[in-house]
Amino acid sequence: MFLKSTLKSSISLNRSANAYLNKKSFSSSSLYFNNINPNPNKNSSDHDPTTHFGFKTVLQDEKEKLVHNVFSSVASSYDVMNDAMSFGIHRLWKDHFIKRLDAGMRPGGQPLQFLDVAGGTGDIAFGLLDHAAKNHKDTKSTMTIADINTDMLKEGQNRYSKSKFALENPSRIQFIEQNGEILDKVPDNSKDIYTIAFGIRNFTNIQAGLNAAFRVLKPGGIFACLEFSKVNNTILNSIYKNYSFTMIPLMGQLIANDRDSYQYLVESIEKFPSQENFSNMIRKAGFYVPDKGFENLTFGVAAIHIGVKV
Ligand SMILES: C[S@@+](CC[C@H](N)C(=O)[O-])C[C@H]1O[C@@H](n2cnc3c(N)ncnc32)[C@H](O)[C@@H]1O
């Protein structure tokens, strides 16, 4: 109840955004538009050969392999652990993210081409298609799920094979193994909607990932990211940090017999840029960012970021 009202209170309606998005056969009930900030952050990883892997400093070339190992290790326990760590709240955030996008082919419009990057188990991808079918009678739009990790893709494919999508129209969903920083299998200006949930903080070069998102979207296409973020209340932040740094690695050890991966998870959240800095990186990639550019969920434990390729 409390969480639902927190989520609800952070939703706001803006007509100009709706008008714009409706033109693109896509609508949102909750976007703000404002001027583009001309002063985006510089990305320090442009020239530095090192990066962070959680709290460790590693060579950029090493990080991809280390992240790969983490997700190969957690793939089979991914859902159970997510539910345990977040008390199931990650499902509310994902539902809200999908509802907020409210994507789907509108009457008389063209089918949409979705791309869900770091799509792993397919939660967001299947949720988006479900929403489009239920709310817009859209059974034509297509989905590409891209992930760098074969084991996570296998989990998604396994789930997909048991879903109604596989029975109804198997060619609607495509899985590709791809680094989201490159996306060389995805043509320029080819996608209407790019989503990424809890994936981008694992990228070695986040700015490269945002630039690739901009490249593959059609003009008017929407970038939408759901990611852990910074809690905006000092007391809550201290409780949250205490919980995450003590309980999450312990749960990882007890439930998945994998303390290190979950230690990385909490450290990677800590290292991810603040809402404001990440918004500036989205602007730097070339996106038009509505208003302040993000919506906090549960006091900023997670946030939704939106950008429009104009
Ligand atoms: C925490 S999971 C999120 C999965 C799914 N989006 C969800 O919300 O349940 C993070 C995913 O990001 C993927 N990933 C990490 N780095 C990546 C990269 N550079 N390119 C594409 N996927 C990446 C991992 O393999 C993993 O599947």
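Each reported figure results from applying straightforward, stated rules to the coordinates on display, with no laboratory input. Bear in mind that the values here come from a model prediction, so they are computed numbers and not experimental data. Note that we place each Cβ from the backbone using ideal geometry, even for glycine, and neighbour counts take in every protein chain shown.
For the chain, a Gaussian network of Cα nodes joined below 10 Å ranks N82, N296, N233 by mean-square fluctuation, and the top entry is N233. Of all DSSP bridge pairs formed entirely within the chain, close to 45 percent run antiparallel.
Beyond 28 Å between alpha-carbons counts as too far, so tell me which of K94/K140; K94/K309; K63/K284; K65/K164; K185/K230; K164/K230 fall in that bin.
Details: K94/K140 22 Å; K94/K309 23 Å; K63/K284 23 Å; K65/K164 34 Å; K185/K230 33 Å; K164/K230 37 Å.
Beyond 28 Å between Cα atoms: K65/K164; K185/K230; K164/K230.
Distant-in-sequence amide contacts of L217, defined by a placed amide H-H separation under 5 Å and a gap of 5 or more residues or a different chain, comprise N189, S190, K191. Compute the signed sum of charges (Lys and Arg +1, Asp and Glu -1) over the other residues within less than 12 Å, Cβ to Cβ, of L59. Overall, the nearby charge balance is -1. Bridging of K191 to aspartates and glutamates at a Cα separation below 20 Å is possible for D102, D116, D123, D130, D138, D147, E177, E181, once same-chain residues fewer than 8 apart are set aside. Quick one, what does Rg over Rh come out to for segment 159-279 if you take C-alpha atoms and the Kirkwood Rh? Expressed as Rg/Rh, it is 1.05. Taking M281, M251, M105 as the candidate residues, the one with maximal mean-square fluctuation in a Gaussian network model of the chain, Cα springs under 10 Å, is M251. Each 20 Å bin from zero up to the one holding the largest Cα-Cα distance in the chain carries the following percent of pairs: 34, 61, 5. Packing, as the average of other Cβ atoms within 10 Å across residues, places the peptides 217-223, 159-165 in the order 217-223, 159-165, highest first.
Evaluating 6.51 cos²θ - 1.76 cosθ + 1.60 at θ = phi - 60° for every residue in segment 257-263, the Karplus couplings come out as 6, 8, 5, 4, 5, 7, 5 Hz, glycine and proline recorded as x. Its DSSP H runs of at least 4 residues, each contributing -39,500 (n - 2.57), put the calculated 222 nm mean residue ellipticity of the chain at -14000 deg cm²/dmol, to the nearest 500. Phi angles across segment 75-86 convert, under the Karplus curve 6.51 cos²θ - 1.76 cosθ + 1.60 with θ = phi - 60°, into 3J(HN,Hα) values of 3, 6, 9, 3, 5, 4, 5, 4, 5, 5, 5, 9 Hz, Gly and Pro given as x. Backbone phi angles across segment 54-65, fed through the Karplus curve with coefficients 6.51, -1.76 and 1.60 (θ = phi - 60°), yield HN-Hα couplings of x, 8, 8, 9, 10, 5, 3, 5, 7, 4, 4, 5 Hz in residue order; Gly and Pro are listed as x.
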